[in-house]
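There's a structure below that I have some questions on.
The values are calculated or read from the model by the stated rules, or taken from the named source; none is laboratory data. Just so we're clear, the structure is a prediction, and the values are computed from it rather than from any experiment. Here Cβ is always computed from backbone atoms with ideal geometry, including for glycine, and neighbour counts include all displayed protein chains. For the accessible areas, the whole protein counts, side chains as well, though only heavy atoms, and no ligand, DNA or RNA atoms are used. Shrake-Rupley method; radii C 1.70, N 1.55, O 1.52, S 1.80 Å.
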Amino acid sequence: MEKKSIDWANLGFGYVQTDYRFVSNFKDGAWDEGIMAQDANIVISECACVLQYAQTVFEGMKAYTTADGRTVTFRPDLNAERMEQSARRLEMPVFPKDKFVEAVLKTIKANEAYVPPYGSGATLYVRPFMFGSNAVIGVKPADEYQFRVFTTPVGPYFKGGVKPLTIRVCDFDRAAPKGTGHIKAGLNYAMSLYAIMDAHKEGYDENMYLDAATRTKVEETGGANFLFVTRDGKVVTPKSNSILPSITRRSLMHVAKEYLGMEAEEREIYVEELADFAECGLCGTAAVISPVGKVVDHGKEICFPSGMTEMGPVTRKLYETLTGIQMGTIKAPEGWVVEV
Ligand code: PLP
Ligand code: COI
């Protein structure tokens, strides 16, 4: 497979149009077979439910070139399951799990020339999404939907690569206790735009959202879950019903326990405890694990002992093990790595 001539090492996290996308439509209660399309544009009614009432959900995953030259993706079954949960919460039809995985693999295959080479530091980001496509003016779900999968080659999500981030405790809330924080819906990101622009204006890389009910517990950022390492070497991550169940985080907890022999625990984490941790990281498909060096809580600086120049030692081990599994240099648990 001849790769496109792209400056892989200098890619940021942006959209680069690739050649093919999967498109399937839902009409009269059923999904059609779907096609691989070359047109990246979508023409829909001005009154489409997605445009008026934000009826849209999405997923994010990646394709990698392994050390021995295969093209693979990571745990696509979990993205399919999460998209099902997201769709149900927004009264959308479910795109069947086996069809979802097949569509993702087909789209990666069709765009294989854009899967960055092993060792380039870049990956192919895969974006499955679905939206209500017919005209709806009274507030109700659409009757017609489109499911699509596109790909785009990407570099690191945060500009500095693995340079530790500075984040602030945010005064805006991301998700209500019984709201939609646990699903991957566009609406959760629309309402975070003001908060992220405000954080950037104030010199922070990201927001740390707290639980909306008590504002005492750590939830997540706009696009990643938190992982902390305690001073006695345990990995802990926030337990909450209003955060997105990150596939990266769930995988890292397994890696910590089964590959690194560490204790790993999901529990409520209080802002008050932050100063007790040795390391902090943001984890997600886009973020992989991005180290956090400092959290600022209304003027009070909490500096992790891992510092502002490098990843902490446990974060690094987690990062290297997970990426080793994804790129085929470390043996993966059964079913985690799927060949395209
Ligand atoms: N939290 C939010 C709000 C996200 O948008 C993402 C990205 O998908 C994550 C967490 C990380 O989830 P995953 O590891 O499944 O990509
Ligand atoms: C991801 O990590 O896949 C995300 O979706 C995060 C962000 C780009 C929304």
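Please enumerate, by chain and number, the lysines with C-alpha under 20 Å from the C-alpha of Lys106, excluding those fewer than 8 residues away in the same chain.
Partners within reach: Lys3, Lys4, Lys62, Lys97.
How high is the FRET efficiency between Ile44 and Leu260 when r is their beta carbon distance and R₀ equals 56 Å, given to the nearest 0.05?
Step by step, r from the Cβ atoms, then E = 0.75.
Right, next: Which whole number in µm²/s is D for the stretch 86-192 by Stokes-Einstein, with the Kirkwood Rh taken over Cα pairs at 25 °C and 0.890 mPa s?
My calculation gives 143 µm²/s for D.
Could you run the Debye sum over the Cα atoms of the stretch 165-327, one equal point scatterer each and no solvent, and tell me log10 of I(q)/I(0) at q = 0.15, 0.19 Å⁻¹, two decimals?
-0.76, -1.25
Something else about it: Obtain the radius of gyration and the Kirkwood radius of the stretch 143-216 from its C-alpha atoms and give Rg over Rh.
We get a ratio of 1.04 for the stretch 143-216.
Placing one identical point scatterer on every Cα of the stretch 2-158 and ignoring solvent, what is log10 I(q)/I(0) from the Debye formula at q = 0.10, 0.12, 0.13, 0.20 Å⁻¹?
Values, matching the q order: -0.38, -0.53, -0.62, -1.23.
Of all trypsin sites (Lys or Arg not before Pro) in the stretch 177-215, which ones are in loop regions per DSSP and have a Cβ with at most 10 other Cβ atoms within 10 Å?
Sites meeting the loop and neighbour criteria: Lys178.
Related question: Excluding Asp198 itself, what net charge comes from residues whose Cβ is under 14 Å from its Cβ, given Lys and Arg +1 and Asp and Glu -1?
-2
In the stretch 151-260, which GluC sites (Glu not before Pro) are in a loop and have at most 13 other Cβ atoms within 10 Å, using DSSP for the loop call?
Values: sites: Glu202, Glu206, Glu219, Glu220, Glu258; in loops: Glu202, Glu219.
Passing both the DSSP loop test and the Cβ count: Glu202.
How many nm separate the modelled label positions at Ala275 and Tyr194, each set 7 Å beyond the Cα in the direction of the Cβ?
It is 3.2 nm.
Gaussian network model of the chain, Cα springs within a sub-10 Å range: biggest mean-square fluctuation belongs to which of Ile302, Ile44, Ile183?
Ile44
Hey, what did the chain get for relative contact order, percent, Cα under 8 Å, at least 6 apart?
Relative contact order, the chain: 20 percent.
Let me ask another. In debye, nearest 20, what is the charge dipole magnitude of the chain about its Cα centre with +1 on Lys and Arg Cβ and -1 on Asp and Glu Cβ, if you could check?
In total the dipole reaches around 200 debye.
While we're on this one: In terms of the ratio Rg/(2.2 N^0.38 Å) built on C-alpha atoms, what value belongs to the chain?
In units of the 2.2 N^0.38 Å rule of thumb, it is 0.99.
Sticking with this structure for a sec: Once every DSSP H run of n ≥ 4 in the chain is given -39500 (n - 2.57) and the sum is divided by its residues, what mean residue ellipticity at 222 nm do you get, rounded to the nearest 500 deg cm²/dmol?
Per the formula, -6000 deg cm²/dmol.
Taking the alpha-carbon set of the stretch 262-340, what are its Rg and Dmax in Å?
Values for the stretch 262-340 (Cα only, Rg and Dmax): 15.2, 48 Å.
Roughly how far apart, in whole Å, are the Cα centres of the stretch 1-25 and the stretch 113-129?
The stretch 1-25 and the stretch 113-129 have Cα centres spaced 7 Å from each other.
Enter the accessible area of Lys163 (Å², nearest 10), with the probe set to 1.4 Å and all protein chains included.
Roll a 1.4 Å probe over it and Lys163 shows about 120 Å².
Which Cα, out of Val115, Phe26, Leu51, lies furthest along the positive dipole direction of the stretch 8-154 (beta carbon charges, K/R +1, D/E -1)?
Farthest towards the positive end: Val115.
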